[in-house]
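First the structure, in the form of C-alpha cells, and then the observations on it.
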Amino acid sequence: MTIQDYIKRVQALDGKIHAFLDFDEEWVGGQEYKTNTTNMGLAGKPIAIKDNMVTLERPTTAGSKILEGFVSPYEATVVSRLKQSGAVLFGKTNLDEFAMGSSTENSAFGPTKNPWDLTRVPGGSSGGSAAAVAAGMAWAALGSDTGGSIRQPAGFCGVVGFKPSYGAVSRYGLIAMASSLDQIGPITLTVGDAREIFEVIAGPDGYDATCFGQKTEGRGQKTDRKTGNGKRKAKVGIPKEYLGEGLTKPVREVFDQAVDKLAQIADVVSVTLPHSSYAVASYYLIMPVEVASNLARFDVVRYGKGREQFGDEVKRRIILGTFASSAGYADRFYLKGQQARLLIKQDFDRAYQRVDYILSPVSPTVAFKIGEKTEDPLAMYFSDIYTIPANLAGLPAISLPAGLAKREIGNGKEEIGKEKRDKKEERSGKELPVGVQLIGPQRSDWQLLDFAENYEKILNFKATPFGGQASPSF
Amino acid sequence: MARDSNGKQGMTKELIKRVAQLAKLDLSEQEKTRFGKQLAQILEYVKKVGEVDKTNRADRQELINGLVDNVRADEARQCLGQEQALKNAPSTNGSYFKVKAILE
C-alpha cells in the first residue's frame, strides 16, 4: 500500500472509527524522506503518533481541552528518530485524556470505536493508535503504556502491542503521566514490525536520565534467555494467581488454547506471584501521586487553559494523588503502595530464576460496550489487572492476538472490589479478539521479541476486523 | 476520614475541599459530591496495601531499573530559545511570562 492508499483508507473509515484527532493531509502526504542516508529502515512507512507525544508541525492535545490548539516548540525523541529513519508521521491519534483511562472514552474529543464492533471500545488509553492499525489506516502506531495502555487496546483490537522495559525508550517529548511507570512502544500488525520500530526508537538520547545503556543493549547478546530456537526449550511460567474468578470465560477459553500452542515451543509450568492481589491497589496509589505532581505544570503560565477544564478522571486522580501523599496520610497510603510495589517486583525476580518468560491474559474481558463502565471508575481500573504488574516492576511485555471470543458469556457473579456484580448474559454475534501477554525480565527486550515472534507463528492469528473483507461495509 | 450515613468511610466535603485547594482544582458542589462518593469507593479498595507488612523503606533505585546517579557533565547545551518558550503563553510582556501578582 502506498501513502495515498492509506490516506484514502483514513478518509473512508475514520468518520466512523474516530481514531485520529489530527490528520492533516498536507502534512502526511507531503513528507519527503531522503533515500540517501544509511538509517532508512522505515522509509515511507506511515506511523501514527499517539497525541501525547509532542510534534512540531501539528498540535498536541493529550486528548484534553486544556491543550486544545497547543503546538509544541520541541519534538519528542521518538518522533525525531522516526523521521530520521524515513517514516511518515501519519497523524495524531486519540487517547484517554492525559493517558488516563482504559477505553479512550475519557478523551475530551469523543471516543474511538473498536473496528471489530463500532458499539465497543478499542481499549485505552492508546485506543486511537490500536484502532488505526487494526483498521489498516496506518502501517503502525506509537502508543504509551503506564498501566497497560499499549497492551490492553492492542488486545481489544487484535493487534500486537509492545511495552519495552522501563528505560529502554526515552520519554523526552512524552507528556508525562506517571514518570516511574510511563513507557513508549509500538502497536503493529506483527512482532517483526514492532521490532523494526523498537530498533529505531530505543536507546538513550541524553535527555532522559532513566534510560539505560547502549542503543542496542542486549541485542544479539548471549544470554541464557531462550528464544525457542536453541537446544534448550524456553521455559514459560503462568502465574496461578492470574487464573481466578475475575477472568471471564470467553477469554479463558482462548487463553487455554494459546497455552496448548505454547507447549509446542516451550515448557509451560505454573509459577506464583504471591503479591499479585496488591498490584491494582499499589498502582492506584503510586500513579495518582505522580500524576498530581506532573499535572501541576498546567498552571496557565507557559501554556494551556484553566485547570477547571480537566475532565473527571483527571480530576479524580489528581485529588486521589494529592490526598495519598499529603501529611498524615502519606505513610498509610503512598508509602505502603511503594512497599507493595517492591514486593511485586521481587515476586517476578524470584519467578525468573525458574522461568524465562511469563504468560498471562492481557485483559479479563473482551472489548466492552461504550458506556458500560463509565459510571464505575473502580470497575474500569480492573481492566488493567494483568498489565499493571509489568509497569510496577519495569518489565518488557508484549500483547499478541491469540484468538477470537466466540460470544460474550455471562460469568454468573463476579467479585470486583467489595461488591458482587451480576454479569449480564450477552450474546454477541460479533467475534472479538483476545490477546495473550508475554512478560520478560528487565532488559530482555530483544530476547522477548524473538521469542514472541516464534510464538506468533504458532498462534497464527489471521482474522481481520471486517469479517474477511479488506474493508468494512460501513 | 469521616464516615457517611452509610457507615462507609467517605471523603467528607471538608476533606475534598482541602485537598482540591492543595491541588489548585476549583470543584463545583456537584463535583465534590460525585467525586466524594467515587473516591470513597476507590480508597476503600486501595487501602488494602496497608496489609503489606514490610517496614523498611522501599529502595527507590531497585524499584526503577538499577540505574544509580545517572548524571551528565554540567555543560551548557543548546536549549529552547526565548521566542519558542513564550510562544504558547496566554499572557506575555516583552520577553516575560505575565502572571497574576503574588505580592502587593
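The values are calculated or read from the model by the stated rules, or taken from the named source; none is laboratory data. All figures in this text were calculated on a predicted structure; none of them were measured in a lab. Using ideal geometry, Cβ is built from the backbone for each residue, glycine included, and neighbour counts are taken over all protein chains shown.
Could you look through region A:56-68, keep only residues that are touching a Ser or Thr at 6+ places or on another chain (Cβ under 8 Å) and closer than 16 Å to residue A:126 by Cβ, and pick out the one that is surrounded by the most Cβ atoms within 10 Å (Cβ to Cβ)? Residue satisfying both the conditions and the ranking: A:63. Out of contact with any strand residue (DSSP E or B) (no Cβ under 8 Å at 6 or more places or on another chain), acidic (Asp, Glu) and modelled with pLDDT under 85, is that true of residue B:74? It is false that residue B:74 is out of contact with any strand residue (DSSP E or B) (no Cβ under 8 Å at 6 or more places or on another chain), acidic (Asp, Glu) and modelled with pLDDT under 85.
Please state which one of A:281, A:296, A:327 is within 12 Å of another protein chain (Cβ to nearest Cβ) and modelled with pLDDT under 95. Of A:281, A:296, A:327, the one residue that is within 12 Å of another protein chain (Cβ to nearest Cβ) and modelled with pLDDT under 95 is A:327. Residues in region B:64-104 that are within 30 Å of residue A:441 (Cβ to Cβ) and either away from chain A (no Cβ under 11 Å) or not acidic (Asp, Glu) (or both): B:64, B:65, B:66, B:67, B:68, B:70, B:71, B:72. Within region A:322-359, work out how many residues are β-branched (Val, Ile, Thr), closer than 21 Å to residue A:274 by Cα and part of a helix (DSSP H, G or I). Summing the residues that are β-branched (Val, Ile, Thr), closer than 21 Å to residue A:274 by Cα and part of a helix (DSSP H, G or I) in region A:322-359 gives 1. The residues of region A:243-278 that are outside any helix (DSSP H, G or I), within 14 Å of chain B (Cβ to nearest Cβ) and touching a strand residue (DSSP E or B) at 6+ places or on another chain (Cβ under 8 Å) amount to a single one, A:246. Taking the listed residues A:303, A:284, the one that is of a type in the set (Phe, Trp, Tyr), in contact with a helix residue (DSSP H, G or I) (Cβ under 9 Å, 6 or more places away or on another chain) and under 30 Å from residue B:95 (Cβ atoms) is A:303, with no other qualifying. The requirement of being part of a loop (DSSP other than H, G, I, E, B), more than 22 Å from the chain's Cα centre (by Cα) and closer than 20 Å to residue A:388 by Cβ is fulfilled nowhere in region A:293-315; no residue meets it. Residues of region A:118-137 that are over 16 Å from the mean Cα position of the chain (by Cα) and within 14 Å of residue A:18 (Cβ to Cβ): A:118, A:119, A:120, A:135, A:137.
Against the test of being touching a residue at least 24 places away in the same chain (Cβ under 8 Å) and closer than 17 Å to residue A:121 by Cβ, the options A:305, A:369, A:345, A:336 yield a single qualifying residue, A:369. For region A:70-97, filtering for residues that are in contact with a strand residue (DSSP E or B) (Cβ under 8 Å, 6 or more places away or on another chain) and in a loop (DSSP other than H, G, I, E, B) leaves 4. Out of the residues in region A:386-439 that are of a type in the set (Gly, Ala, Ser) and at pLDDT below 95, which is surrounded by the fewest Cβ atoms within 10 Å (Cβ to Cβ)? Here the residue is A:429. Inspect region B:33-48 for any residue being modelled with pLDDT under 90, within 22 Å of the chain's Cα centre (by Cα) and facing chain A (nearest Cβ under 7 Å) and give the result as yes or no. Scanning region B:33-48 turns up no residue that is modelled with pLDDT under 90, within 22 Å of the chain's Cα centre (by Cα) and facing chain A (nearest Cβ under 7 Å). Restricted to region A:108-121, and to residues there that are closer than 17 Å to residue A:311 by Cα and touching a helix residue (DSSP H, G or I) at 6+ places or on another chain (Cβ under 6 Å), the residue that is surrounded by the most Cβ atoms within 10 Å (Cβ to Cβ) is A:112.
Of A:354, A:350, A:341, A:307, all but one fail to be under 24 Å from residue B:25 (Cα atoms) and either within 14 Å of another protein chain (Cβ to nearest Cβ) or surrounded by fewer than 24 Cβ atoms within 10 Å (Cβ to Cβ) (or both); the exception is A:307.
Going by the structure shown, is residue A:124 of a type outside the set (Phe, Trp, Tyr), part of a loop (DSSP other than H, G, I, E, B) and surrounded by 24 or more Cβ atoms within 10 Å (Cβ to Cβ)?
yes
Residues of region A:193-207 being under 15 Å from residue A:75 (Cβ atoms), outside any helix (DSSP H, G or I) and either touching a helix residue (DSSP H, G or I) at 6+ places or on another chain (Cβ under 6 Å) or at pLDDT 95 or above (or both), which ones? Across region A:193-207, the qualifying residue is only A:205. On the given criteria, is residue A:367 surrounded by 22 or more Cβ atoms within 10 Å (Cβ to Cβ), in contact with a Pro (Cβ under 8 Å, 6 or more places away or on another chain) and not β-branched (Val, Ile, Thr)? Yes, satisfied.
Consider region A:69-91 and keep the residues that are farther than 27 Å from residue A:110 by Cβ and surrounded by fewer than 24 Cβ atoms within 10 Å (Cβ to Cβ). The one that is farthest from the other protein chains (Cβ to nearest Cβ) is A:86. Annotation: residue A:447 fulfils all but one of (1) at pLDDT below 95; (2) more than 23 Å from residue A:378 (Cα to Cα); the unmet one is (1).
Among the residues of region B:9-32, just one is more than 8 Å from chain A (Cβ to nearest Cβ), surrounded by 16 or more Cβ atoms within 10 Å (Cβ to Cβ) and at pLDDT 90 or above, namely B:32.
When you look at residue A:366, is it more than 10 Å from chain B (Cβ to nearest Cβ), of a type in the set (Val, Ile, Thr) and either in a helix (DSSP H, G or I) or more than 24 Å from residue A:154 (Cα to Cα) (or both), yes or no? Let's see the steps before the verdict.
Working: more than 10 Å from chain B (Cβ to nearest Cβ): yes; of a type in the set (Val, Ile, Thr): yes; either in a helix (DSSP H, G or I) or more than 24 Å from residue A:154 (Cα to Cα) (or both): no.
So residue A:366 does not fit the description; no.
Evaluated against (1) modelled with pLDDT of 95 or more; (2) more than 14 Å from every other protein chain (Cβ to nearest Cβ); (3) outside any loop (DSSP other than H, G, I, E, B), residue A:66 falls short on exactly one condition, (2).
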